[in-house]
């Protein structure tokens with residue numbers, strides 16, 4: 001009886017709040033594109049229907065109306081991390097600490113392009129409220145780190161990068177000793193944006209195939225993608241599959257598929273938001289190693305994820321499917337972590353509960369580039385939980401690389417980045433479990449404020 005109750009609870013469906021809100025706002029059933037059947041040919045085959053794949057297909061179509069572009073997605077657009085994330089659209093490249101003010105300005109300007117693209121696409125194609133830009137906070141939970149953050153905010157401002165230090169006296173988030181506000185960051189309903197992009201791609205001539213998993217990919221002068229009911233051949237391949245990439249035989253030594261657990265409350269009234277101390281900003285993250293993050297959804301719900309080991313899972317062999325159960329250990333942990341920052345929500349029920357697979361690299365720096373013996377395999381992956389702006393930007397980067405226009409990106413940390421190798425299984429799983437349980441931290445190489 002207990003298992004039956006779990007199955008009937010929407011929180012056990014592993015459906016994100018983004019999907020729920022998009023379908024409620026649309027007021028009609030989802031209408032995905034048809035599956036691929038038979039043999040098809042294209043100039044460029046894009047595998048993956050998240051931010052990276054859709055942005056790449058859109059950018060290539062804008063530049064090259066003469067090209068045959070096909071996109072295959074295993075489920076529906078936005079089914080993966082693009083429709084399961086924490087909603088914040090942020091500057092910076094995870095794992096990379098710029099060494100000079102010039103380098104900091106360069107990374108900020110590049111990732112600003114991704115945030116601006118989110119705003120432009122949402123304004124042009126999606127429903128109102130899909131994108132919002134009121135700034136995001138990074139909260140510091142010790143006085144020492146807050147003091148260092150204050151100095152960092154001053155250094156950013158001196159470099160011409162907008163940043164504002166918010167003292168503890170101006171914050172009503174429990175345990176916050178200070179914060180840096182990025183006023184140019186924002187919040188994006190990624191699933192809603194990608195649903196809005198479906199007709200845009202189709203009407204522009206992109207051959208879109210949903211519910212079409214790539215079973216096997218053969219590379220060479222000609223790419224061959226085997227699917228359950230057919231085959232797609234192309235001259236060039238775009239791997240836009242992030243955490244799912246190792247299962248296709250690519251980057252298996254450099255990508256760790258990590259599941260991130262998330263919940264969302266029922267809609268909160270404006271008075272409730274004020275009562276818990278949430279001001280007009282879009283979202284926040286903290287400074288802890290197993291980062292906690294939150295945002296306010298278009299439907300007025302508080303989304304919350306992370307905060308400790310129990311909010312993240314690595315499955316043996318890098319499995320990308322995971323079951324969630326209403327009231328399970330991860331949900332109980334998330335509710336406790338949420339109450340740590342917002343005690344007034346301690347008794348609030350989690351209305352939505354889900355998990356999504358991230359692509360983690362050992363040093364947390366993502367990679368965008370082109371390779372293969374015929375220089376016809378393009379990739380952008382390994383965003384390490386910081387991928388909304390970067391994955392949207394990746395479409396522009398990969399379109400430039402396709403045009404052999406590398407100069408705008410050569411000085412950025414993700415350009416042709418070689419991913420540091422991870423140990424093979426079973427050492428990978430054993431090492432992850434031992435390290436996280438003993439230290440409470442995630443294996444990584446990242447500069448941190450101390």
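Rule-based calculations on the coordinates, nothing more; no lab input. None of these values were measured; they are calculated from a predicted model. Heads up, the Cβs are rebuilt from the backbone with ideal geometry, glycines too, and the neighbour counts pull from every protein chain shown.
The figures follow:
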{"read-out": "Bridge type composition, the chain - antiparallel percent by DSSP, nearest 5", "value": "65"}
{"read-out": "Calculated on alpha-carbon atoms, Rg and Dmax of segment 205-312 in Å", "value": "20.6, 61"}
{"read-out": "Candidates 12, 260, 285, ranked by Gaussian network fluctuation over the chain, Cα under 10 Å, top entry", "value": "12"}
{"read-out": "For segment 303-450, the spread of Cα positions along each principal axis, largest first, Å", "value": "55, 36, 35"}
{"read-out": "Angle in degrees between helix 143-158 and the longest Cα principal axis of the chain, rounded to the nearest 10", "value": "60"}
{"read-out": "Cα→Cβ-extended label distance, 7 Å offset, between residue 63 and residue 266, nm", "value": "5.0"}
{"read-out": "Gap separating the Cα centres of segment 393-439 and segment 290-339, nearest whole Å", "value": "24"}
{"read-out": "Gained length - residue 155 relative to residue 346, 0.36 nm times residue gap less alpha-carbon distance", "value": "65.0 nm"}
{"read-out": "Cα-projected label distance for residue 438 with residue 411, points at 7 Å along beta-carbon direction, nm", "value": "4.2"}
{"read-out": "Ratio of the Cα radius of gyration of segment 266-385 to 2.2 N^0.38 Å, where N counts its residues", "value": "1.31"}
{"read-out": "Debye intensity ratio in log₁₀ form over the Cα atoms of segment 1-130, taken at each q of 0.09, 0.15 Å⁻¹", "value": "-0.41, -0.98"}
{"read-out": "Acute angle (nearest 10 degrees) that the helix 190-204 long axis makes with the longest principal axis of the chain, alpha-carbon atoms", "value": "20"}
{"read-out": "Gain in span if fully extended, residue 125 to residue 75, counting 0.36 nm per residue against the direct Cα distance", "value": "15.8 nm"}
{"read-out": "Segment 335-385 shape via C-alpha gyration tensor axes, a/c threshold 1.5", "value": "prolate"}
{"read-out": "Segment 304-361 pair-distance distribution - Cα-Cα, 5 Å bins, rounded %", "value": "4, 17, 27, 24, 14, 8, 5, 1, 0"}
{"read-out": "Distance in nm between pseudo-label sites at residue 430 and residue 170 (7 Å out along the Cβ direction from Cα)", "value": "5.2"}
{"read-out": "The chain: angle of helix 17-26 to the longest principal axis, Cα-based, in degrees nearest 10", "value": "70"}
{"read-out": "Value of Rg/Rh across segment 62-151 [Cα atoms, Kirkwood radius]", "value": "1.06"}
{"read-out": "Full-stretch length increase - residue 374, residue 319 - with 0.36 nm per residue and alpha-carbon distance subtracted", "value": "16.8 nm"}
{"read-out": "Reciprocal of mean inverse Cα separation for segment 167-247 (Kirkwood radius, Å)", "value": "17.2"}
